[in-house]
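All of the numbers you see were taken from the coordinates with simple rules; none came from a lab. If you're wondering where the values come from, they're calculated on a predicted model, not measured in any experiment. Cβ atoms come from the backbone with ideal geometry, glycine included; neighbour counts cover every protein chain shown.
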Amino acid sequence: MERIGVPTARHQSFTDSQAASAYIREQGAPIVVKASGLAAGKGAVVCHSVDQALAAAHDMLDEGTLGGAGHHIVVEEYMTGEEASLFAICDGEHFITLTPAQDHKPIYDGDKGPNTGGMGAYAPAPAMTPALVRETEERIIRPVLAEMRRLGTPYQGVLYCGLMCTESGVKVVEFNARFGDPECQILMPLLKTDLVDVLTAACDGRLDQVQVECAPEAAVCVVMASDGYPQFYEKGFEIRGLEAFADRDDLVVFHAGTAQRDGRVITDGGRVLGVTATDADIQAAVAKAYSAVDQIAFDNAYCRRDIAYRALGRA
Ligand code: GLY
């Protein structure tokens with residue numbers, strides 16, 4: 001990103017904790033300390049004081065709390081703004097983008113508590129205006145694809161752009177080479193073009209010849225989880241009420257942590273179901289998703305009650 005001028009947080013990388021500490025002191029707080037390797041979602045520590053940042057860097061580099069993933073860290077600027085995700089399907093040269101989305105990673109309402117894999121998501125995310133989508137396409141996605149091609153490793157697949165909408169424009173928080181969970185659950189019902197046609201065009205390098213249509217509607221996914229997630233939780237409880245949604249196009253219950261036992265569906269993981277509704281606007285989709293959530297029951301069920309609150313606050 002640095003080499004090709006893609007906007008992202010100001011940052012430096014370290015393997016030595018003394019050098020990292022000096023940089024943290026110089027930059028001050030708030031600041032973010034990130035493990036460079038994969039750390040099951042626990043690799044980014046948002047630090048509100050210099051002491052917290054020094055401790056995070058020390059833990060990763062000197063104590064090895066994240067194993068090899070934390071032997072190399074990135075210390076970066078704390079960016080303020082609203083986060084959003086834009087998914088590009090890429091064929092190595094051309095790309096198409098899907099409806100901009102926003103997910104809710106923290107476990108509790110108001111985006112409080114530890115991060116999870118995602119407790120809900122919605123699209124379109126009003127924070128990503130059409131102008132910001134264009135800016136992301138031109139300043140982030142197109143140059144990244146051009147650089148990957150230039151390096152001899154053209155990128156074919158889904159480019160998940162995790163973004164921060166800051167006062168000085170859109171900046172990259174992270175890239176993933178996959179769809180988001182639960183963002184995928186809201187984007188697929190909005191995609192009107194056959195996904196197989198889009199993916200085969202991406203494989204064949206002819207995405208420029210495909211017209212991709214996303215419905216001008218809203219989609220909301222509320223994750224029903226096992227109480228205790230993302231730490232300890234019990235499982236094996238029967239899930240009741242699913243049959244009411246078997247034939248609905250506008251209300252899809254995606255199974256995540258479930259299993260079948262003796263003909264019954266039971267809970268079998270932390271994030272159990274992704275209850276996903278589409279409707280004309282976010283407000284209607286939120287109401288529909290929560291009305292479905294209230295008809296589904298299992299012991300120890302937990303969900304956030306405020307999915308899409310930022311979008312509703314703007315309405
Ligand atoms: N929902 C966040 C992720 O898939 O990484």
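If you check ASP227, ASP197, ASP204, ASP208, which single one turns out to be in contact (Cβ under 8 Å) with a residue 12 or more places away in the chain, away from the ligand (no atom under 16 Å from the Cβ), closer than 23 Å to ALA292 by Cβ and loosely packed, with under 15 Cβ neighbours inside 10 Å?
From the options ASP227, ASP197, ASP204, ASP208, the qualifying one is ASP227.
Which of the residues that make up the stretch 181-194 are away from the ligand (no atom under 16 Å from the Cβ) and either over 25 Å from PRO106 (Cβ atoms) or of a type in the set (S, T, N, Q) (or both)?
LEU191, LYS192, THR193, ASP194
Need at least 2 residues that are within 23 Å of ALA9 (Cβ to Cβ) and not hydrophobic (A, V, I, L, M, F, W, C) per element, so show me which strands (runs of 3 or more DSSP E) inside the stretch 66-181 make the cut, counting only ones lying wholly within it.
Counting at least 2 such residues, we get 73-77, 82-91, 112-115, 156-166, 169-176.
Of all strands (runs of 3 or more DSSP E) completely enclosed by the stretch 244-315, which ones contain at least 1 residues that are of a type in the set (Ser, Thr, Tyr), closer than 24 Å to PRO106 by Cα and touching a residue at least 24 places away in the same chain (Cβ under 8 Å)?
In the stretch 244-315, 264-267, 271-279 are the strands (runs of 3 or more DSSP E) which contain 1 or more residues that are of a type in the set (Ser, Thr, Tyr), closer than 24 Å to PRO106 by Cα and touching a residue at least 24 places away in the same chain (Cβ under 8 Å).
Kindly indicate whether GLY67 is of a type outside the set (S, T, N, Q), without any contact (Cβ under 8 Å) to a residue 40 or more places away in the chain and within 16 Å of the ligand (Cβ to nearest atom).
It is false that GLY67 is of a type outside the set (S, T, N, Q), without any contact (Cβ under 8 Å) to a residue 40 or more places away in the chain and within 16 Å of the ligand (Cβ to nearest atom).
Hey, does the stretch 16-34 have a residue that's within 16 Å of the ligand (Cβ to nearest atom) and surrounded by fewer than 18 Cβ atoms within 10 Å (Cβ to Cβ)?
There is no residue in the stretch 16-34 that is within 16 Å of the ligand (Cβ to nearest atom) and surrounded by fewer than 18 Cβ atoms within 10 Å (Cβ to Cβ).
Take the residues of the stretch 138-180 that are within 16 Å of the ligand (Cβ to nearest atom) and either among the acidic types (Asp, Glu) or farther than 23 Å from GLU76 by Cβ (or both): which is farthest from the chain's Cα centre (by Cα)?
GLY157
Restricting attention to the stretch 15-38, report how many residues are touching a strand residue (DSSP E or B) at 6+ places or on another chain (Cβ under 7 Å) and closer than 29 Å to THR136 by Cβ.
9
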